[in-house]
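Take a look at the structure below.
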Amino acid sequence: MAVIAVFTKNRTNPAYAAARLGAERVAVRMGARIAHYVPDRPDDVSEQKAQVERAIAARSDAAVFVPVHATEMDDSVRKLNAAGTPTVNHLNRLAQGRFVTYVGSDDYQLARDIAAYLFRQLGGKGDIVILEGVPGAVTSQERLRGFRDAARASPGIRITASRAADYQQDTARRVTSELLSRLPRVDGMVCANDVMALGAIEALEEAGRDVPLVGVNAIPEAIAAIKSGKLLATVSFDAMHISSIAAEAAIRHLRGERLPAEIILPVTIVDAANYRPWDRPLEERESPRWEDVVRT
């Protein structure tokens with residue numbers, strides 16, 4: 001039975017719980033086994049480096065890898081390459097290393113689209129706050145670029161603050177509280193993931209302020225917030241779908257199949273008008289079919 005080492009960034013973000021679930025489902029269906037490697041300290045570089053060493057020592061048949069940092073994991077990827085471990089890069093694209101394929105979605109475009117959605121709701125004008133993810137994460141860098149380009153394309157939009165909240169709910173609540181204490185006017189907020197949006201909602205409620213905001217991921221908690229009117233919209237950057245396809249790619253590679261150099265999953269803006277397909281727990285959401293996603 002093939003053993004696939006699946007690396008995720010933390011246990012605090014529901015999106016990575018979804019990613020692990022997606023990989024497990026595929027392994028059960030295809031007769032493989034998943035070995036999970038998750039830092040105890042969220043997004044910790046040294047822990048992930050040590051976990052790569054352990055996966056290599058365990059002679060994992062393949063790896064499905066999301067780096068905790070855009071560049072700090074390059075040496076670890078080179079070690080996987082040197083060990084002959086076929087590696088699928090997913091969720092956060094790496095510039096260095098050899099990979100069987102990359103599986104993800106277009107972070108820049110989805111960020112630009114969700115920001116433009118918010119700006120349209122504001123009538124094309126307003127003072128905006130951005131909550132960024134982990135500064136060293138590829139997704140955060142690309143989403144921030146998309147948010148800023150969307151603002152540049154809307155002359156009436158002004159970014160009054162942009163702060164890192166590390167993709168964490170508690171951090172986002174604290175950062176938002178600090179910003180609200182010094183910003184008398186906030187017309188909208190763009191958050192680089194749903195978890196931070198949920199933290200921002202908590203801070204807004206504590207401050208007694210009503211500000212429209214958007215997120216990314218379409219996790220169940222975000223859908224509940226959309227239903228209650230607390231969150232304007234999110235984007236279906238679906239970590240479970242991406243990880244499912246990534247795990248299947250690793251197994252298909254081990255079986256000798258040819259794969260495309262990259263597999264990009266489409267995304268959808270989810271709001272009060274169309275949330276119903278996402279209105280279910282992760283365990284009840286369907287995994288994607290390979291043939292519906294991959295064109296070889």
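At-a-glance table
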{"quantity": "Scan of region 40-51 for residues that are open to solvent by less than 60 Å² (accessible area, probe 1.4 Å), free of Cβ contacts under 8 Å to residues at least 40 places away in the same chain and of a type outside the set (A, V, I, L, M, F, W, C), ordered by number", "calculated": "D44, E47"}
{"quantity": "Members of region 265-284 found to be under 21 Å from L21 (Cβ atoms) and either in contact (Cβ under 8 Å) with a residue 60 or more places away in the chain or of a type in the set (V, I, T) (or both), listed by number", "calculated": "L265, P266, V267, T268, V270, W278, R280, P281, L282, E283"}
{"quantity": "Candidates D61, D44, D113, D107 - the one that is over 28 Å from T171 (Cα atoms) and out of contact with any His (no Cβ under 7 Å at 6 or more places or on another chain)", "calculated": "D61"}
{"quantity": "When residues of region 182-197 are limited to those that are open to solvent by 30 Å² or more (accessible area, probe 1.4 Å) and touching a residue at least 12 places away in the same chain (Cβ under 8 Å), the one nearest to the chain's Cα centre (by Cα)", "calculated": "D187"}
{"quantity": "Qualifying positions in region 52-104 - at pLDDT 95 or above, among the hydroxyl-bearing types (S, T, Y), farther than 13 Å from F7 by Cβ and open to solvent by 10 Å² or more (accessible area, probe 1.4 Å)", "calculated": "Y102"}
{"quantity": "Residues (farther than 20 Å from D210 by Cα, part of a helix (DSSP H, G or I) and not hydroxyl-bearing (S, T, Y)) located in region 119-140", "calculated": "V138"}
{"quantity": "Qualifying residue in region 127-135 (condition: modelled with pLDDT under 95 and either surrounded by fewer than 19 Cβ atoms within 10 Å (Cβ to Cβ) or over 19 Å from the mean Cα position of the chain (by Cα) (or both))", "calculated": "yes"}
{"quantity": "Test: residue in region 9-31 that is at pLDDT 95 or above, over 20 Å from N217 (Cα atoms), touching a Gly at 6+ places or on another chain (Cβ under 9 Å) and open to solvent by 20 Å² or more (accessible area, probe 1.4 Å)", "calculated": "no"}
{"quantity": "Verdict on A116 being in a helix (DSSP H, G or I) and in contact with a strand residue (DSSP E or B) (Cβ under 8 Å, 6 or more places away or on another chain)", "calculated": "no"}
{"quantity": "Breaking point among (1) of a type outside the set (V, I, T); (2) over 30 Å from H69 (Cβ atoms); (3) touching a residue at least 12 places away in the same chain (Cβ under 8 Å), for S140", "calculated": "(2)"}
{"quantity": "Filter result for the condition that a residue is in contact with a helix residue (DSSP H, G or I) (Cβ under 9 Å, 6 or more places away or on another chain) and not in a helix (DSSP H, G or I), over T160, T176, T171", "calculated": "T160"}
{"quantity": "Tabulated pairs, region 213-228, first farther than 12 Å from V195 by Cα, second in a strand (DSSP E or B) and open to solvent by 10 Å² or more (accessible area, probe 1.4 Å), C-beta under 9 angstrom, 6+ apart or interchain", "calculated": "I226/D271"}
{"quantity": "Residue pairs meeting the criteria (Cβ under 7 Å; at least 6 apart or on separate chains; first within 24 Å of A57 (Cβ to Cβ) and in contact (Cβ under 8 Å) with a residue 40 or more places away in the chain, in region 20-39; second hydrophobic (A, V, I, L, M, F, W, C) and assigned to a helix (DSSP H, G or I))", "calculated": "A23/A247; A27/A247; A32/I251; I34/A23; I34/A27"}
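The values are calculated or read from the model by the stated rules, or taken from the named source; none is laboratory data. Computed from a predicted model, the values in this text were never measured in an experiment. Note: ideal-geometry Cβ built from the backbone for every residue, glycine included; neighbour counts use all protein chains shown. Side chains included, ligands, DNA and RNA excluded: accessible areas come from the protein's heavy atoms. Shrake-Rupley method; radii C 1.70, N 1.55, O 1.52, S 1.80 Å.
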